[in-house]
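Bear in mind these aren't lab numbers, they're just calculated from the coordinates by the rules spelled out. These figures come from a predicted structure and were not determined experimentally. Every residue, glycine as well, gets a Cβ built from its backbone with ideal geometry; the counts of neighbours run over all protein chains shown.
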Amino acid sequence: MKKTILSALAVVTMSFAVSAQQIDRSIQPKPGPSPKIKLGKAEKFNLSNGLKVIMVENHKLPRVSASLTIDNPPMTEGTKAGLSDLMGGLLGNGTSKISKDDFNERIDYLGASVFFSSNGANARSLTKYFPEVLELMANGIKDPKFTQEEFDKSVERTLEGIKSNEKNVKVIAGRVEDALVYGKNHPYGEFITKESVKNITLEDVKNNYTTHYRPNNAYLVIVGDINPKSTKKLIKQLFSSWQSGTIPTSNIPAPQEVNTTEINFIDVPNAVQSEVAVINSVDLTLGDKDYYAALLANNILGGGGTARLFMNLREDKGYTYGSYSNISQNKLEGAGTFKASAAVRNVVTDSAVVEIQKEINKIRYQKVSKEELKNSKAEYIGSFVRNVQKPATAARFALNIARYDLPENFYENYLENINAVTLEQVQNAALKYFRGDKARIIITGKGIDVLTNLEKTADYKINYFDKHANPTSKPAMSLPIPAGVTASTVIDNYFKAIGGKDNVSKVKSIYTSSNAEIQGTPVSLVTKIAAPNKQSNVISVMGNVMQKMVFNGATGYQEARGQKKEMTAEELEESKKTTAPFADEAYRKGILDRIEPIEGNNAYVIKFGKSEIFYEVKTGLKIKQVKTAKGPQGEVKVPTVFSDYKEVNGVKFPHKVTRTTGPMKMEFIAKEIKINEGVSDEDFR
């Protein structure tokens, strides 16, 4: 018996060996066929009031979700922009039969969630509580309670939100981009303002709800651990009394394209970086013939961290943390968009525009590689297969099929259609939808830092707009200096601001100990300054001296990692120009160049040697210094920002000094400042 078993094992082993010998491992295996997609079955029915219901049964978890989508055509609100948002925000504040507090307490008690908006509602709960949770949601939809008290609170919150975002560069950029691409008379282009919110009344909210919140243009999707028969009965019981109505329509103008590419610039003086977006509208709808090719073209251009835009602007150039593109479809004519964007440092704004346009034109006029297309398809297929098993995905697909009037097998054929896209189709889609030749390059940033280089580099006309997308003139690159103001008077005001001439004159030496972090590593800086112009800086990392600079008024040296280097003649000459303990005294000999807006406040700018020093007009305090230094790739500007002034022995000193060198930013926080102590001649030897 044992012999028989061993013989059998030998035969099996030999058969594996023979099979292995027949495999040619130098030949890459051919990919198998695309996976067959089997979507969860969706059961559909309509109520007599027009509400369309989609149910997807899934018993993996004892949970159920309900989602209501009101698919009304977009409408402009004009002088009452923000009305529908206010209305949506007031839904869920109870009903005529239950107070707001009782409504919310009951939802919390059931461990559920129910949310409302201007275009629908959604709810989630455990299976056993779902009938009651759905009833709460249905009552909130059919019988909302609108009170003056809640309306006033909502208006106040909305106005506070507008105020808090007044200087938010991303918010400003998004608002103006939509307004310019679509036009202010388009539902997607109008925006909420303080004035439009103040025009809205409680009666407007009630009328908006009565007019637009109707079931005859709505879809209710139920997904999860349900019994379809009993759930259908429950839905009829809860939603049949919701009355239908006539949904208003309007003629919405198609967005107007520019005839040739132009730059639209929005000046935001407090911007520390530029929001750059290349945008054009597209006429693309889910299921169009070239829809799949457009998706793949966009994915290759800017769909993620391995796409062309990201690899160019971040990995190669280091302009930004990330650059991406997106193409959106829409049922409205021409209401989709293509957008390639990045948030970049001010100094490279012009270069970023060049690189983004270069990548757009490259994918339009040159075919992508076979490898890029293969990888992009694989990415889409992998994502699709991962998500398709989720019941929520099946419900969303069923909703899309209904909303867009798609074939029932649209998603079953999705992967086949993705795989069928050719290199030629990708290029044709890029040519059609990525309009680098007829696009708006919208830049939201600090004009005084950006425009000079942008005007030199860009080959496009520059149009200027304010924060509300109104045409305006080019921002002033500087403000006129009032009569009688000189570099010397600015310095006088500075000394007055920090403590006055008498207190300042008593200061003969300053000792400062500060701490910072570089990528989580603690760094300390000890600075010692003494009259007339002696200075010592010692930087230590975890207690070890890493860098040292000493100037005794006549000679000096720098030391790093044990290597000592005497100051060059040029460095000595620059150091001899300074004064101590306050370098500002020497700036009297500088040139008062301009008044520049900085962080929302005006500042006098004195040019002194290779530095520009900024003194706030309002307070007189020194707030910034920008020094031009030599870097590996030429001259670079090194900014230092001074803030958090606190008094020490009658004189104010900045207790926070932020220095930026390239991508590295260090915030030095002063732990100790001593006047006329802690400094000796030995420190400058």
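At-a-glance table
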quantity: Residue in the range 518-536 that is closer than 24 Å to LYS624 by Cα, exposed (fewer than 15 other Cβ atoms within 10 Å of the Cβ), touching a residue at least 60 places away in the same chain (Cβ under 8 Å) and within 42 Å of the chain's Cα centre (by Cα) present; calculated: yes
quantity: Qualifying residues in the range 591-618 (those that are charged (D, E, K, R) and out of contact with any Gly (no Cβ under 8 Å at 6 or more places or on another chain)) - the one nearest to LYS167 (Cα to Cα); calculated: GLU599
quantity: Residue in the range 228-265 that is nearest to the chain's Cα centre (by Cα), counting only those that are among the β-branched types (Val, Ile, Thr) and closer than 24 Å to SER328 by Cα; calculated: ILE263
quantity: Checklist (1) assigned to a loop (DSSP other than H, G, I, E, B); (2) over 42 Å from the mean Cα position of the chain (by Cα); (3) of a type in the set (A, V, I, L, M, F, W, C) applied to ALA476, failing item; calculated: (2)
quantity: Helices (runs of 4 or more DSSP H) contained in the range 344-431 and holding at least 2 residues within 21 Å of ALA277 (Cα to Cα) and touching a residue at least 24 places away in the same chain (Cβ under 8 Å); calculated: 349-365
quantity: Every residue from the range 658-685 that is touching a residue at least 40 places away in the same chain (Cβ under 8 Å), in a strand (DSSP E or B) and closer than 21 Å to VAL347 by Cβ; calculated: MET664, MET666, GLU667
quantity: Identity of the residue in the range 501-511, over 23 Å from ASN537 (Cβ atoms) and in contact (Cβ under 8 Å) with a residue 40 or more places away in the chain, that ends up surrounded by the most Cβ atoms within 10 Å (Cβ to Cβ); calculated: ASN503
quantity: Flag for PHE151 being under 21 Å from PHE115 (Cα atoms), of a type outside the set (Val, Ile, Thr) and in contact (Cβ under 8 Å) with a residue 12 or more places away in the chain; calculated: yes
quantity: The range 432-465, residues that are farther than 15 Å from ILE279 by Cα, part of a loop (DSSP other than H, G, I, E, B) and either among the small types (Gly, Ala, Ser) or touching a residue at least 40 places away in the same chain (Cβ under 8 Å) (or both); calculated: LYS446, ALA458
quantity: Top-ranked residue in the range 571-627 [being of a type in the set (Asp, Glu) and either free of Cβ contacts under 8 Å to residues at least 24 places away in the same chain or part of a strand (DSSP E or B) (or both); ranked as surrounded by the fewest Cβ atoms within 10 Å (Cβ to Cβ)]; calculated: GLU573
